[in-house]
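Working notes, structure below.
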Amino acid sequence: MPTDPETGYDETLGNKFVFVTGGVMSGLGKGITAASTGRLLANAGFDVTAVKVDPYLNVDAGTMNPFQHGEVYVLKDGGEVDLDLGNYERFLDIDMTSDHNVTTGKVYRSVIEKERAGDYLGKTVQVIPHITDDIKRRIREVARGSDVCIVEVGGTVGDIEGMPYLEALRQFAHEQADEDILFVHVTLIPYSTNGEQKTKPTQHSVKELRSIGLQPDVLVGRCDDPLDPKTKEKIALFCDVPTDAVFSNPDVEDIYQVPLVVEDEGLDEYVTSELDLADRALPESERESGWRELVTQEQTGHVDVALVGKYGLEDAYISVYEALKHAGLAHNVNVDTEWVHSENFADGHEGDLNDVDAVVVPGGFGSRGTEGKIEAIRNARENDIPYLGLCLGFQMAVVEYARNVLGLDGAHSAEIDEETPHPVIDILPEQEGVDDMGGTMRLGAHVTEIESGTVAHEVYGDASATERHRHRYEVNPEYIDGLEAAGLRFSGESGRRMEILELPEHPYFLGTQFHPEFRSRPTRASPPFVGLLDAALDLQSGGADRDAGEVEL
Ligand code: GLN
């Protein structure tokens, strides 16, 4: 059967789909539950991919305020997407593209463009079938080539914005064979004051699902503890699923333990068997077990890291926290990352970096808190504290050096001080006159050539690195000679662009114009982060060189 151009349906493809919805309240971690199940399916030899559906009208997350919405995650193709895609990339160890984040903005935009082009041949363009067809086509396009595609619908069942998506999923189930589709519904199981696990909110949520024609196949209860057998039975009875289709997802200390919890519960086995994939799964003995080993390994040390940024923005840097954790896993140590308000350093306040082993200044926009960040960088530079600057943290390291070592009073980034006498960081030439905010920065993966004999070369172990970008400003080429003559070294370039800086005499002072945190994985930590911890651990052991060769990058 040829592919249906509207819905993308092609029965010869044989993709399987796991649709994950959420009930009772948002923020339950249904993405982590879904990604963890995906991880186990990948361990069993399946090619797994994922789609995150965000029912908002923004075309992408690029224009969303990180104070409200958390991190904007950047993909290799430059897609600025929901932070959940970061979790899918980290858990599944895949590289996604913007197509993996379906938003209402994208769907309506393409339907309206088709309407304007006259492609609907005079028909009335409607939510059903035109919007729902576009949703199905997008999901099927991403799934093409994979064995299992996990589709997570953001928000909770009952939200008005989510309705067209749930209707599209209902049609999916109608069009495809039973064994191709599995509906997983994740809800909250709260405790009553007398310590009883309560199922009523779940029952209501499933009732809501059924009223729009969706019957969940699997229920996952998010709860402080594992669900009691009695709770499972009650859910099974009222929600009309077998008892063994009800799973617990209790709180765990660290999200990377969730695949182990899900495995112990047997969720992956159940999914495999319901999707009729059991006889294609690798036998237990041949499955990938690296994840379990990584998560359960005994830690041999501890590193304290200060992440310096604006007050209230902690949640916008999930990938930085995770990359530090990955570097810890590579070194077999626990990493404790503490958010330090950059305001603490402003106006002569020293801030508190006395007890930390390393300092990170992450990316950011706008002027608030920058003086504090510059002070924190000075502190790290002068006191030999290992430092990693990411994007804005790289740019502010240039500003700090220009002011305090070159003596260029008032040096700044033109983004923050348009009147600065020394714009050591200036707008990228191609950004001049760009007024549109959405998707117009220098975005996505670009190759950086790395000079040999540098720290960057040592940490990457390579003469080039491909990392993701998201910026409008760069080091002003007019100041490069002066900065280098004063001891700062630019060790990586991409065309005329300075991409990496370092201080040869410092235990570890590295800045990157790119964001290495977006390529870091639990099983493949990002080199600049591994290098940071390496230096911190060296200093802890009094400079005795820990064998860096032990760490596989
Ligand atoms: N605001 C800076 C720029 O646009 C840094 C961006 C960032 O840190 N992601 O260049």
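The values are calculated or read from the model by the stated rules, or taken from the named source; none is laboratory data. Quick caveat, the model's predicted, so the values are computed rather than measured. With ideal geometry, Cβ positions are generated from the backbone for all residues, glycine too; neighbour counts draw on all protein chains shown.
At a glance:
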read-out: Residue in segment 65-81 that is at pLDDT below 95 and in contact with a Pro (Cβ under 9 Å, 6 or more places away or on another chain) present; value: yes
read-out: Which listed residue is touching a Leu at 6+ places or on another chain (Cβ under 6 Å) and over 30 Å from Pro283 (Cα atoms), from Gly70, Gly27, Gly45; value: Gly70
read-out: Helices (runs of 4 or more DSSP H) wholly inside segment 61-151 containing at least 2 residues that are under 20 Å from the mean Cα position of the chain (by Cα), closer than 26 Å to Lys310 by Cβ and in contact (Cβ under 8 Å) with a residue 12 or more places away in the chain; value: 66-69, 84-92
read-out: Residue among Leu510, Leu443, Leu501 that is within 26 Å of the chain's Cα centre (by Cα) and modelled with pLDDT under 95; value: Leu443
read-out: Count of residues meeting criterion [hydrophobic (A, V, I, L, M, F, W, C), surrounded by fewer than 24 Cβ atoms within 10 Å (Cβ to Cβ) and not in a loop (DSSP other than H, G, I, E, B)] in segment 308-325; value: 2
read-out: Subset of segment 393-430 (residues that are more than 14 Å from the ligand (Cβ to nearest atom) and acidic (Asp, Glu)); value: Glu400, Asp409, Glu419
read-out: Segments classed as helices (runs of 4 or more DSSP H), wholly inside segment 257-299, with at least 1 members that are small (Gly, Ala, Ser); value: 267-274, 290-296
read-out: Selection count, segment 480-519, where residues are within 16 Å of the ligand (Cβ to nearest atom) and among the hydroxyl-bearing types (Ser, Thr, Tyr); value: 2
read-out: Residue identified as more than 16 Å from the ligand (Cβ to nearest atom), among the polar types (S, T, N, Q) and surrounded by 15 or more Cβ atoms within 10 Å (Cβ to Cβ) among Asn344, Asn334, Asn383; value: Asn344
read-out: Where a residue in segment 350-373 is modelled with pLDDT of 85 or more and its partner, wherever it lies, is within 10 Å of the ligand (Cβ to nearest atom) and in a loop (DSSP other than H, G, I, E, B), with Cβ under 6 Å and at least six apart; value: Gly363/Cys391; Thr370/Ile416
read-out: 1 or more residues within 27 Å of Ile139 (Cβ to Cβ) and in contact (Cβ under 8 Å) with a residue 60 or more places away in the chain: qualifying helices (runs of 4 or more DSSP H) within segment 154-254; value: 163-175, 200-211
read-out: Segment 277-305 residues that are over 26 Å from Ile181 (Cβ atoms), paired with ones that are of a type in the set (Asp, Glu) and in a loop (DSSP other than H, G, I, E, B) (beta carbon under 8 Å, 6 or more apart); value: Val295/Asp254; Val303/Asp357; Asp304/Asp355; Asp304/Asp357; Val305/Asp357
read-out: Residues within segment 431-472 that are within 16 Å of the ligand (Cβ to nearest atom), in a loop (DSSP other than H, G, I, E, B) and among the acidic types (Asp, Glu), tallied; value: 3
